[in-house]
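A.B. asks: Below: one structure in structure tokens.
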Amino acid sequence: MRIGLILFALLLGSCTAIPNYDDPKRVARIDRLREARDLCLVENVHAFDDGTSDPAKIGNYVAMSCNVQTSKLVDLAIPDPGPKARAAFQEEAVRRATGYVQTSRRIEVDSVERQRAVPPPPPSPQ
């Protein structure tokens, strides 16, 4: 029972720890690379999305098109990245790109629905 409580306390304590980064300039560069990667994903959604294909498939294509930015991000974020780390960053890029595809499609559908909506008639003068 005590071991269970100790393990629970360790798990709870590790979730609440505030990360402490040694090099704030490096963290800022990582943030800029992440933003550049995300911008690349957003910009490439329309190049690959045909509006009918599976969003995950399109997200995968978009993420592959931004592989250079993802690789730069991995190389700076992790000093000696292995294949698992690279795969994890690529999977994150695919998830983000898929989300951008879905968001883009919702925006387009909303825009088309607004254009189709009939404006209300003007109020009659009394």
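Readers should treat all values here as calculations from the given coordinates under stated rules, not as data from a laboratory. If you're wondering where the values come from, they're calculated on a predicted model, not measured in any experiment. Note that we place each Cβ from the backbone using ideal geometry, even for glycine, and neighbour counts take in every protein chain shown.
A.B. asks: Normalised radius of gyration for segment 41-82, please: alpha carbon Rg relative to 2.2 N^0.38 Å, two decimal places. Walk me through the numbers on the way to the answer.
C.D. replies: On the way: Rg = 12.7 Å, N = 42, 2.2 N^0.38 = 9.1 Å.
My calculation over the Cα atoms of segment 41-82 gives 1.40.
A.B. asks: Add +1 for every Lys or Arg and -1 for every Asp or Glu among the other residues with Cβ under 13 Å from the Cβ of residue 108, and state the total. Walk me through the numbers before you get to the answer.
C.D. replies: Numbers: positive: 105, 106, 114, 116; negative: 49, 50, 110, 113.
My count for the surroundings of residue 108 gives 0.
A.B. asks: Next up: Rg to Rh for segment 21-112: what is it, with Cα atoms only and Rh by Kirkwood?
C.D. replies: Details: Rg = 14.5 Å, Rh = 13.8 Å.
Answer for segment 21-112: 1.05.
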